[in-house]
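Colleague: Below you'll find the structure I mean.
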Amino acid sequence: MTNLVKEVSEKITEAHEAGEATEFIRHQYTVDEKTAYAVQDTVVSALSAAGQGELAGYKISMTSAATQAIANTHEPAYGTLLTSHLLKSGETVSLSSLFSPLIETEIMFILTEDLSAGADEEEVLRKSKIAAGIEIPDSRYKDWFPNFSLADLICDNTAVGRVVVSEPVDPPSFEELANIQMELFHNGAKISEGTASAVLDNPASAVAWLSRKLAANGKALTKGMVISSGTFISPLVAEEGTYTVKYSNLGQVEITFTA
C-alpha cells in the first residue's frame, strides 16, 4: 500500500468512525482512478474489519451522461456493497444514522451463477434474477452532491449508503427490461417517474460494463452477489416519511425514514 492510499483511506475511514463529514480529498491530494479504487478497497476492508459485514455485491454509479459530465468522465464507476448496506423492502432507517442521504430508483440484479469475466448482456440475464430496488447514496463529504470529482466519489466507495431490495423475480427479455416504467411516491404522493432505458440504455448493459471493469481490476461477479444497476432519475434528497417505488412487470419496494 502506498503512502497516498494509506493517507486518503484513513481520512475517509475516520469520517465514518466519527460520524462527521470531511472535505473533498481533491483539496489535499491528487488521485488518479487506479489509486482511487485502491483507496476504496482499503476503506471497504477497514469497514468490514470493524464489523460492517462481508462482501455482498456492487453498485454502479454515473450511468447517465448528465452524471458522468459532473465528474468529467466517459463511463460509470462502481462501489462495493457489504452485507450491512443491504435492507429489505419495508424496513425503517433513521436519517440521523446517515450523513446526507439521497434517493435513487434502481433495479437490483441478484446473481444465480458466477459470471464470466466480461460477461455480455445475454449472460447477465441468463444468470440473474432481478428485484425492485431503492439505492440510498450517502457520502462522507461535506455538501457532496453534485460537487464531487471522479476521484472523490470512487475513494468514498461511490457514496454507498444503503440499498433496499425487494423479492427477486425472473428477468424479462433484454428489450422488455429497457422498457420497464417506474413511479416514485413519497407518503403516497407521486413525485417522480422514469424508464429503465435511462440506465446506459438498458440496466443489463450496466451490469455487463461492471463485469468488464471488475475483470480489469482483478475482481469477479459471483453467485449470490447483489448489483444495484443505476438510477432511473436524478437523485432526490431523502426526507422523513415513506418512499414507495412501483416498477411495471416487476413489483414495488418501500423504505421509511424517521428522524
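The values are calculated or read from the model by the stated rules, or taken from the named source; none is laboratory data. Bear in mind the structure is a predicted one, so any value in this text is a computation, not a measurement. Backbone-built Cβ (ideal geometry, glycine too); neighbour counts: all protein chains shown.
Colleague: Across segment 168-227, which residue is farthest from GLU75 (Cα to Cα) among those that are in a loop (DSSP other than H, G, I, E, B) and charged (D, E, K, R)?
Modeller: So the residue we want is ASP170.
Colleague: Determine whether segment 213-224 contains at least one residue that is of a type in the set (Lys, Arg), closer than 21 Å to ALA65 by Cα and out of contact with any strand residue (DSSP E or B) (no Cβ under 7 Å at 6 or more places or on another chain).
Modeller: no
Colleague: Taking segment 54-72 only, how many residues are closer than 21 Å to ARG162 by Cβ and loosely packed, with under 14 Cβ neighbours inside 10 Å?
Modeller: 1
Colleague: Against the condition at pLDDT below 95 and farther than 28 Å from THR242 by Cβ, how does ALA49 come out, does it pass?
Modeller: No, not satisfied.
Colleague: I would also like to ask the following. For segment 9-36, how many residues meet the condition of being over 17 Å from ALA50 (Cα atoms), of a type in the set (A, V, I, L, M, F, W, C) and assigned to a helix (DSSP H, G or I)?
Modeller: Within segment 9-36, residues that are over 17 Å from ALA50 (Cα atoms), of a type in the set (A, V, I, L, M, F, W, C) and assigned to a helix (DSSP H, G or I) number 2.
Colleague: If you check PHE148 against the conditions, is it more than 24 Å from GLU240 (Cα to Cα), in contact (Cβ under 8 Å) with a residue 40 or more places away in the chain and part of a loop (DSSP other than H, G, I, E, B)?
Modeller: yes
Colleague: Right, something else. Only one of LEU81, LEU125 is out of contact with any Asp or Glu (no Cβ under 7 Å at 6 or more places or on another chain) and under 18 Å from ALA36 (Cβ atoms). Can you tell me which?
Modeller: The conditions single out LEU81.
Colleague: Output the qualifying pairs, or none if there are none: Cβ atoms under 7 angstrom, residues six or more apart or on different chains, first residue in segment 238-259 and part of a strand (DSSP E or B), second residue basic (Lys, Arg).
Modeller: Within 7 Å, the pairs are GLN252/LYS246.
Colleague: Give the residues of segment 227-259 that are under 19 Å from SER116 (Cβ atoms) and touching a Leu at 6+ places or on another chain (Cβ under 7 Å), sorted by residue number.
Modeller: Selection gives ILE227 alone.
Colleague: I would also like to ask the following. So THR112 passes all but one of these: (1) closer than 30 Å to ILE12 by Cα; (2) more than 12 Å from the chain's Cα centre (by Cα); (3) β-branched (Val, Ile, Thr). Which condition number does it fail?
Modeller: Single failed check for THR112: (1).
Colleague: Could you list, in sequence order, all residues of segment 83-116 that are part of a strand (DSSP E or B) and either of a type in the set (Asp, Glu) or free of Cβ contacts under 8 Å to residues at least 40 places away in the same chain (or both)? Quick ask: steps written out before the conclusion?
Modeller: Here is the first cut: in segment 83-116, the residues part of a strand (DSSP E or B) are 86-88, 92-94, 102-111.
Matches in segment 83-116: GLU104, GLU106.
Colleague: Does SER100 fit the bill of being buried (at least 19 other Cβ atoms within 10 Å of the Cβ), under 27 Å from ALA178 (Cβ atoms) and not β-branched (Val, Ile, Thr)?
Modeller: The answer is no for SER100.
Colleague: Starting from residues that are in a helix (DSSP H, G or I) and of a type in the set (A, V, I, L, M, F, W, C), keep the ones in segment 117-145 and report whichever is surrounded by the most Cβ atoms within 10 Å (Cβ to Cβ).
Modeller: Applying the filter and picking the extreme gives VAL124.
Colleague: ASN157 - would you say it is out of contact with any strand residue (DSSP E or B) (no Cβ under 8 Å at 6 or more places or on another chain), closer than 28 Å to ASP114 by Cβ and of a type outside the set (Val, Ile, Thr)?
Modeller: When the stated conditions are applied, ASN157 does not pass them.
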